[in-house]
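Since the structure comes first, as structure tokens, the remarks are kept for the end.
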Amino acid sequence: MTSIPEYVIETYGLTKVYRSGGGAVVAVDKLDFTVEKSSIFGLLGPNGAGKTTLLMMLTGLTLPTNGSGRVLGYDIVRESREIRRRVGFLPEGFGFYEHLTAEQNLEYIAALNDIPKPERRKRIEDILSLVGLYEVKNRRVSSFSRGMKQRLGIAQALIKDPELLLLDEPTAGLDPEGSRAFKDLVLKLNSEGRTIVLSTHLLFEVGPLCSSIAIMNRGRIVVQGRVKDLISKLMSEVGYKIYVEVRGDLGKLASALTGMEGVRGVRIGVDSLYVDSTRDIRVDIVKIASDMKVEISSIRVEEPSLEDLFIRYYRGEASNA
Ligand SMILES: Nc1ncnc2c1ncn2[C@@H]1O[C@H](COP(=O)(O)OP(=O)(O)OP(=O)(O)O)[C@@H](O)[C@H]1O
Ligand SMILES: [Mg+2]
């Protein structure tokens with residue numbers, strides 16, 4: 001029996017070099033990376049970063065040049081059949097038989113996956129309901145919009161009732177509504193306990209959906225971790241922006257704060273102060289104000305956004321090229 005791993009994906013020095021015509025491209029470069037069970041994991045990076053190559057190695061569709069990895073505890077080289085049986089995969093640009101209906105396409109895929117015939121109908125109907133295509137199950141795929149095809153792509157990945165889903169560029173070409181429906185579906189699948197890995201170059205669109213991310217560029221991971229940990233790390237690096245709304249003598253409070261340890265600057269606004277500090281000094285600010293009999297009506301820390309995180313780690317890395 002296989003013990004349940006803490007990580008559904010782990011790689012060690014995983015490397016893929018493509019050789020063609022005397023040249024060599026290092027598509028994935030000594031990658032150490034993990035995906036925690038039950039997370040929504042964003043594998044984010046620009047075109048050519050190596051995302052698709054990585055997913056193909058994880059599912060045994062291409063062999064690593066070096067290094068190793070495990071998916072659901074199974075070795076990606078020696079036990080890739082087990083992995084393919086258990087992992088739902090939506091490859092980049094997945095295509096269906098356009099002249100068949102949605103249901104017929106899924107029946108075909110269920111047969112390929114050895115889903116026993118008596119189970120197929122119910123399983124397919126459940127999945128079609130889950131992805132919101134039940135009403136159109138008898139329509140030919142040729143009449144589907146891009147968003148509907150994308151949902152059918154996720155449906156085929158769900159045929160095996162997988163605990164892990166790997167979706168390569170799942171929002172490519174979706175309009176805002178299609179993209180919102182996709183996000184709702186991912187949240188629903190995740191709430192059922194499934195781990196979902198989303199690979200995409202659309203950082204800003206998909207990033208906010210993720211509990212953990214890895215930013216990949218030129219075959220390497222630039223930064224990875226839980227989004228909330230990365231944000232607090234960023235906050236301790238770039239400092240805390242504390243916004244204080246004040247009733248009373250602004251100037252007096254501002255000059256008291258200016259001399260405090262860790263304070264890099266204090267800006268005075270209309271009825272408010274904006275404190276730039278290396279530490280979270282909200283408690284100290286409240287105390288000083290109260291000692292001075294200056295009333296604070298609100299105080300809050302402005303957290304860096306995911307966008308700030310991307311700008312720091314992703315653009316920063318890109319500009320080092
Ligand atoms: N079969 C192949 N033969 C040679 N080079 C390849 C092959 N597949 C990918 N590459 C190269 O490997 C690198 C990584 O490609 P990959 O498709 O994995 O990136 P990606 O992050 O998925 O990009 P995209 O966002 O465009 O899908 C690129 O430089 C690409 O040109
Ligand atoms: Mg790709």
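The values are calculated or read from the model by the stated rules, or taken from the named source; none is laboratory data. Just so it is clear, the structure is predicted and the values come from calculations on it, not from any experiment. When we count neighbours, we look across all protein chains shown, and the Cβ atoms used for this are built from the backbone with ideal geometry, even at glycine.
From the list Pro64, Pro46, pick out the single residue that is part of a loop (DSSP other than H, G, I, E, B), within 15 Å of ligand 1 (Cβ to nearest atom) and in contact with a Leu (Cβ under 7 Å, 6 or more places away or on another chain). Break it down into steps so the answer makes sense when it comes.
Details: Pro46 fails: in contact with a Leu (Cβ under 7 Å, 6 or more places away or on another chain).
Answer to the selection: Pro64.
Hey, does the stretch 189-197 have a residue that's at pLDDT 95 or above and within 16 Å of ligand 1 (Cβ to nearest atom)?
yes
Considering each residue of the stretch 84-104, count those that are among the hydrophobic types (A, V, I, L, M, F, W, C), away from ligand 1 (no atom under 16 Å from the Cβ) and modelled with pLDDT under 95, and give that number.
Step one: list which residues in the stretch 84-104 are among the hydrophobic types (A, V, I, L, M, F, W, C), which gives 87, 89-90, 94, 96, 100, 102.
Filter again for away from ligand 1 (no atom under 16 Å from the Cβ), leaving 87, 96, 100, 102.
Checking which are modelled with pLDDT under 95 leaves us with 96.
Counting residues in the stretch 84-104 that are among the hydrophobic types (A, V, I, L, M, F, W, C), away from ligand 1 (no atom under 16 Å from the Cβ) and modelled with pLDDT under 95 gives 1.
Taking the options Tyr12, Tyr7, name whichever one is more than 13 Å from ligand 2 (Cβ to nearest atom), among the hydroxyl-bearing types (Ser, Thr, Tyr) and crowded, with 16+ Cβ neighbours inside 10 Å. If you could, list the steps in order and put the result at the bottom.
Numbers: Tyr12 fails: crowded, with 16+ Cβ neighbours inside 10 Å.
The unique qualifying residue is Tyr7.
So that you can scan it fast, the table gives a plain yes or no per residue for (1) in contact with a helix residue (DSSP H, G or I) (Cβ under 7 Å, 6 or more places away or on another chain); (2) closer than 17 Å to Ala214 by Cβ:
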| site | (1), (2) |
| --- | --- |
| Val26 | no, no |
| Ser39 | no, yes |
| Leu63 | no, no |
| Glu82 | no, no |
| Glu98 | yes, no |
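Quick one: is Leu55 surrounded by 19 or more Cβ atoms within 10 Å (Cβ to Cβ) and either within 16 Å of ligand 2 (Cβ to nearest atom) or in a helix (DSSP H, G or I) (or both)? Let's see the steps before the verdict.
On the way: surrounded by 19 or more Cβ atoms within 10 Å (Cβ to Cβ): yes; either within 16 Å of ligand 2 (Cβ to nearest atom) or in a helix (DSSP H, G or I) (or both): yes.
Spelling it out, Leu55 is indeed surrounded by 19 or more Cβ atoms within 10 Å (Cβ to Cβ) and either within 16 Å of ligand 2 (Cβ to nearest atom) or in a helix (DSSP H, G or I) (or both).
Taking into account only those residues within the stretch 128-151 that are among the aliphatic types (A, V, I, L, M) and under 30 Å from Met216 (Cβ atoms), which is surrounded by the most Cβ atoms within 10 Å (Cβ to Cβ)?
To start, the set of residues in the stretch 128-151 that are among the aliphatic types (A, V, I, L, M) comprises 128, 130-131, 133, 136, 141, 148.
Checking the rest, the ones that are also under 30 Å from Met216 (Cβ atoms) come to 130-131, 148.
Values: Leu130: 17, Val131: 24, Met148: 19.
Going through the qualifying residues, I end up with Val131.
Before we move on, is Ala289 touching an Asp or Glu at 6+ places or on another chain (Cβ under 9 Å) and modelled with pLDDT under 95? Steps first, answer last, please.
Details: touching an Asp or Glu at 6+ places or on another chain (Cβ under 9 Å): yes; modelled with pLDDT under 95: yes.
Taking the combined requirement at face value, the residue satisfies it.
Does Ala49 satisfy the criteria of being closer than 19 Å to Val222 by Cβ, modelled with pLDDT of 95 or more and within 16 Å of ligand 2 (Cβ to nearest atom)? Step through it out loud before you land on a result.
Numbers: closer than 19 Å to Val222 by Cβ: yes; modelled with pLDDT of 95 or more: no; within 16 Å of ligand 2 (Cβ to nearest atom): yes.
Here the answer is no, as Ala49 does not meet what is asked.
Please find, within the stretch 15-43, the residue that is nearest to Gly207 (Cα to Cα) out of those that are out of contact with any strand residue (DSSP E or B) (no Cβ under 9 Å at 6 or more places or on another chain) and more than 7 Å from ligand 1 (Cβ to nearest atom).
Ranking the candidates gives Gly23 first.
Being in contact with a strand residue (DSSP E or B) (Cβ under 7 Å, 6 or more places away or on another chain) and either among the basic types (Lys, Arg) or closer than 14 Å to Tyr243 by Cα (or both) is the filter here, so list the residues in the stretch 259-277 that pass it.
To start, the set of residues in the stretch 259-277 that are in contact with a strand residue (DSSP E or B) (Cβ under 7 Å, 6 or more places away or on another chain) comprises 262-267, 271-277.
Once the filter is applied, which keeps residues that are in contact with a strand residue (DSSP E or B) (Cβ under 7 Å, 6 or more places away or on another chain) and either among the basic types (Lys, Arg) or closer than 14 Å to Tyr243 by Cα (or both), the stretch 259-277 yields Val263, Arg264, Gly265, Val266, Arg267, Asp271, Ser272, Leu273, Tyr274, Val275, Asp276, Ser277.
Which number in (1) surrounded by 18 or more Cβ atoms within 10 Å (Cβ to Cβ); (2) not in a loop (DSSP other than H, G, I, E, B) marks the one condition that Phe94 misses?
Evaluating Phe94 over (1) surrounded by 18 or more Cβ atoms within 10 Å (Cβ to Cβ); (2) not in a loop (DSSP other than H, G, I, E, B) leaves (2) as the failure.
Looking only at the stretch 49-61, which residues are at positive phi and more than 8 Å from ligand 1 (Cβ to nearest atom)? Don't jump to the end; show me each part of the working.
The first filter runs over the stretch 49-61 and keeps only residues at positive phi, leaving 50, 60.
Residue satisfying the conditions is Gly60 alone.
Out of curiosity, is Ile154 within 26 Å of Val8 (Cα to Cα), crowded, with 19+ Cβ neighbours inside 10 Å and more than 18 Å from the chain's Cα centre (by Cα)? Full working, then the answer.
Working: within 26 Å of Val8 (Cα to Cα): yes; crowded, with 19+ Cβ neighbours inside 10 Å: yes; more than 18 Å from the chain's Cα centre (by Cα): no.
So Ile154 fails the test.
Among the listed residues Gly219, Gly262, Gly248, Gly225, which satisfies the condition of being buried (at least 18 other Cβ atoms within 10 Å of the Cβ), at positive phi and either assigned by TED's automatic domain parsing to the domain that holds Thr195 or over 30 Å from the mean Cα position of the chain (by Cα) (or both)?
Values: Gly262 fails: buried (at least 18 other Cβ atoms within 10 Å of the Cβ); Gly248 fails: buried (at least 18 other Cβ atoms within 10 Å of the Cβ); Gly225 fails: buried (at least 18 other Cβ atoms within 10 Å of the Cβ).
Answer to the selection: Gly219.
Return the residue satisfying two criteria in turn: it lies in the stretch 198-216 and is within 14 Å of ligand 1 (Cβ to nearest atom) and more than 12 Å from Thr171 (Cα to Cα), and of such residues it is surrounded by the most Cβ atoms within 10 Å (Cβ to Cβ). Working first, answer last.
If we filter the stretch 198-216 for residues that are within 14 Å of ligand 1 (Cβ to nearest atom), which is where we start, we get 198-203, 205-206, 214-216.
In the following step, the residues that additionally are more than 12 Å from Thr171 (Cα to Cα) were identified as 214-216.
On the way: Ala214: 23, Ile215: 25, Met216: 27.
The qualifying residue surrounded by the most Cβ atoms within 10 Å (Cβ to Cβ) is Met216.
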